């Protein structure tokens, strides 16, 4: 069952803003698309046009708005997932954020020290309602980044879950057993953001920002 709170705009999923509407229009190009086709086009627009950037990501309440993220052009998994969730809602596709813990096998020493290990707490992706069921999508790691790290970029066909990137040698770069075991699904609410800000990675980014106060 689809509820109204998976469609409406929020303080973070501000899909009524001109910035989000323009992003969606540029991604879709045409009106005669199915919901599945819209979800797929928006997935790739977010995945490849908004860069994945860990260091210096804005974790303030303003910086976590979809419109602000689009304007910045980069962000963490939570930033890119917020944009995708807002974008699909703007065309009538229900969405909600998924928070999960994952183990990253490609973590550098610098990043491992930065987040306190190789487990990324509250990694964020999106669940979209297409064809009568919820499908998970991870529009996080852009194609160029994947090429640099020898990973295959995550594809999305609108039918199957898009969850775990693999290396070009076929090895999972994320530990899927961790991510599937500790998965939680929520609509986007202020309490979700408060929860996300308590994670190690968010706390690290929020030092000195409004999110840390």
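Every number here is computed from the coordinates shown, using simple stated rules; none is lab data. On a predicted model such as this, the values are computed, not experimentally measured, just so you know. All Cβ positions, glycine included, derive from the backbone under ideal geometry; neighbour counts span all protein chains shown.
The distance between label points at residue 71 and residue 148 comes to 2.5 nm (points 7 Å beyond Cα on the Cα→Cβ vector). Ranked by the mean number of other Cβ atoms within 10 Å of their residues, highest first, the peptides 26-36, 122-132, 79-89, 3-13 fall in the order 79-89, 122-132, 3-13, 26-36. Distance between the 7 Å Cα→Cβ label points at residue 51 and residue 22: 2.0 nm.
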